[in-house]
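Read through the structure below, which is laid out as structure tokens, and then see the notes.
The values are calculated or read from the model by the stated rules, or taken from the named source; none is laboratory data. Since the model is a prediction, treat every value here as computed from it, not as a measurement. For neighbour counting, all protein chains shown are included, and Cβ atoms are generated from backbone atoms with ideal geometry for every residue, glycine included.
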């Protein structure tokens, strides 16, 4: 029996919690010719909670730097008593200077590192990325996890921005189009960042992290930015709209306010490439369905012709948004919607002639957008509240 027991295998690769530094988020910056990697480390005792008294931050943030990624990670041992543990890392934020330098080394490091997951969400920052990791968030102890949930919530409920994992970025940049779009995190508000727990002890946080723009990556380098509406348009072109809210005006005047809205509950975009007279063409057919959220226009909407009029306004609004996205990416020569992939698949021989010059050819592509929208529900009233109130008083 003794011989048997001594030959049984043990947990040779067991990881003790008090021996590792669990990373929840990472930031990448480029400063003075070196990569600066910043780590947001979870403090387990703080996460588990304290009973009464003041509570400290549940994270610690520190940086290491070197001429390459792996050396920077190795240098982290000079500042921490624990081994960095990347398996729980949920987000990577890349600063503007680092993104313009190129994402190549970041992607290479993830391909070689067995501890890192390819499901990590990637973001950009227009400023220093470390500053975002130092920001604490109301309601949350783990800011990295909170940002991870925030982009998931945005993708599902608003569709202006979508989750982009390391794997998504790799697939896009290794595709025929070799371009991708990454959501941008910004620090908004006044009074500096909320980098101390005491600053969260207020009814309103002095600053907050929010999704603001989309960064355009071509090859592996940042080439430009697009705003919230243009990013929504890109998602319509890219067939990546899930649910979203669309505002519309009561009249055709350009100055008219979009004070009414619908909720898109289903959407599909079909893209068809074509080639004629030496020019490329992409036809985008969008079909969507939704319900009326608020109606502040005059008139009864219980009749079919009124409903059709609303549907036409929504179709034009979606079409306008999609075309705004197209104008933005064509100006930056960034095929983040994968038109090149569609052309390569349908016209492989012609693509061989275009691939080397696609970035210059891409903006000249003729893009047409056709939208068909169906308003499935309008609610329990044919008139808006103000109209009902006026009619009641008569």
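Among the residues making up the range 295-309, a single one is assigned to a helix (DSSP H, G or I) and touching a strand residue (DSSP E or B) at 6+ places or on another chain (Cβ under 6 Å): 307.
Could you say which residue among 140, 145, 134 is within 14 Å of residue 24 (Cα to Cα) and either in contact with a helix residue (DSSP H, G or I) (Cβ under 7 Å, 6 or more places away or on another chain) or at pLDDT 95 or above (or both)? Spell out how you get there, then give the answer.
Numbers: 145 fails: either in contact with a helix residue (DSSP H, G or I) (Cβ under 7 Å, 6 or more places away or on another chain) or at pLDDT 95 or above (or both); 134 fails: either in contact with a helix residue (DSSP H, G or I) (Cβ under 7 Å, 6 or more places away or on another chain) or at pLDDT 95 or above (or both).
On inspection, the qualifying residue turns out to be 140.
Could we say that residue 259 is at negative phi, surrounded by fewer than 17 Cβ atoms within 10 Å (Cβ to Cβ), modelled with pLDDT under 95 and not assigned by TED's automatic domain parsing to the domain that holds residue 129 here? Here the answer is yes, as residue 259 does meet what is asked. Only a single criterion out of (1) at pLDDT below 95; (2) in contact with a helix residue (DSSP H, G or I) (Cβ under 8 Å, 6 or more places away or on another chain) is not satisfied by residue 169, namely (1). The residue of the range 203-226 that is farthest from residue 104 (Cα to Cα), among those that are outside any strand (DSSP E or B) and touching a residue at least 60 places away in the same chain (Cβ under 8 Å), is 205. Look at (1) in contact (Cβ under 8 Å) with a residue 60 or more places away in the chain; (2) closer than 17 Å to residue 290 by Cβ and you find that residue 258 fails only one, number (1). Going by the structure shown, is residue 241 in contact (Cβ under 8 Å) with a residue 24 or more places away in the chain, under 30 Å from residue 177 (Cα atoms) and in a loop (DSSP other than H, G, I, E, B)? Taking the combined requirement at face value, the residue satisfies it.
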